[in-house]
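Encoded as structure tokens, the structure appears first; notes follow it.
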């Protein structure tokens, strides 16, 4: 009888573990890309370094389910003649869409915060934190973007500068590995790469908007945003706010930026062992209910019933018994 009760206690505890941890994740490969680089815009994006203020350029993507990101690429310009060894830091940040992670209402220092990145990042990886590694490929020894944004990042009403004109450099692609994978739930996010060089600046190149194959179209596809530490926590739209409308009333351009993401979409499924444990637990609890009814008819105390599962004195009695009550009965 003692052996049988011990076995039933063990089954009950295992069943509770199955209820508390009911899921495993089956991985489906995930890939996203904004597609082919174009020469329409180059926006600076760097960590703060001494007198060089921090600049963040951001472009968006959507996840339809929980996803574990392990890898990213982004394409931009570094100065002509700059060696790959002159890159001193690389980082990637992820932001949600305003008003998440933000103060509301905003302070009114920019034209709008609708569809901007949030005030603060959700999560990030950086070579300085030893959770990101990278490799760099030179795609072209000389590439010219038709317009750029570096210094002209101003609060409203002085936000419109038209951009700072063409900029040239080596076209390079950063191939980034997240040594600590980035787990994100289904949501709308912004991707922010930053690169610091010993001399000169990194400019993130634009991509087609709307996204076309071989990119991964999605909706709503928001335009690229930018800020520096003086504008923080606000953001400005690179096209609509900073470049602004063209001559003769032409609409302001809008931009995407060149990047891709890879990882695993996590399909949450019950584990077979969990199903077995839960089934055993339910069967045991059904027997417990019957025993309680029988005991009640004979005036037997419930606390002496086999449904105690955990021996009194082994753990606090309320923890297991109330958990069962909340979950099953």
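Quick notes on this one:
Yes/no matrix, rows are residues, columns are (1) free of Cβ contacts under 8 Å to residues at least 12 places away in the same chain; (2) farther than 22 Å from residue 261 by Cα; (3) out of contact with any strand residue (DSSP E or B) (no Cβ under 6 Å at 6 or more places or on another chain):
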| site | (1), (2), (3) |
| --- | --- |
| 42 | no, no, no |
| 53 | no, yes, no |
| 60 | no, no, no |
| 65 | no, no, no |
| 73 | no, no, no |
| 78 | no, no, no |
| 101 | no, yes, yes |
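- Single residue of segment 180-205 satisfying the filter (over 15 Å from the mean Cα position of the chain (by Cα) and surrounded by fewer than 24 Cβ atoms within 10 Å (Cβ to Cβ)) that is nearest to residue 74 (Cα to Cα): 194
- Among (1) touching a helix residue (DSSP H, G or I) at 6+ places or on another chain (Cβ under 9 Å); (2) crowded, with 21+ Cβ neighbours inside 10 Å, the one test that residue 88 misses: (2)
- Verdict on residue 133 being surrounded by fewer than 18 Cβ atoms within 10 Å (Cβ to Cβ) and within 16 Å of residue 262 (Cβ to Cβ): yes
- Of everything listed in (1) at pLDDT 50 or above; (2) touching a strand residue (DSSP E or B) at 6+ places or on another chain (Cβ under 8 Å), the single unmet condition for residue 303 is (1).
- Residue check for residue 260: touching a residue at least 24 places away in the same chain (Cβ under 8 Å) and touching a helix residue (DSSP H, G or I) at 6+ places or on another chain (Cβ under 9 Å): no
- Tallying residues that are closer than 19 Å to residue 54 by Cα and either surrounded by fewer than 18 Cβ atoms within 10 Å (Cβ to Cβ) or touching a helix residue (DSSP H, G or I) at 6+ places or on another chain (Cβ under 8 Å) (or both) within segment 151-174 yields 7.
- For segment 68-118, filtering for residues that are modelled with pLDDT of 95 or more and under 17 Å from residue 177 (Cβ atoms) leaves 15.
The values are calculated or read from the model by the stated rules, or taken from the named source; none is laboratory data. Model, not experiment: these values are computed from the prediction. Positions of Cβ are backbone-derived with ideal geometry, glycine not excepted, and every protein chain shown enters the neighbour counts.
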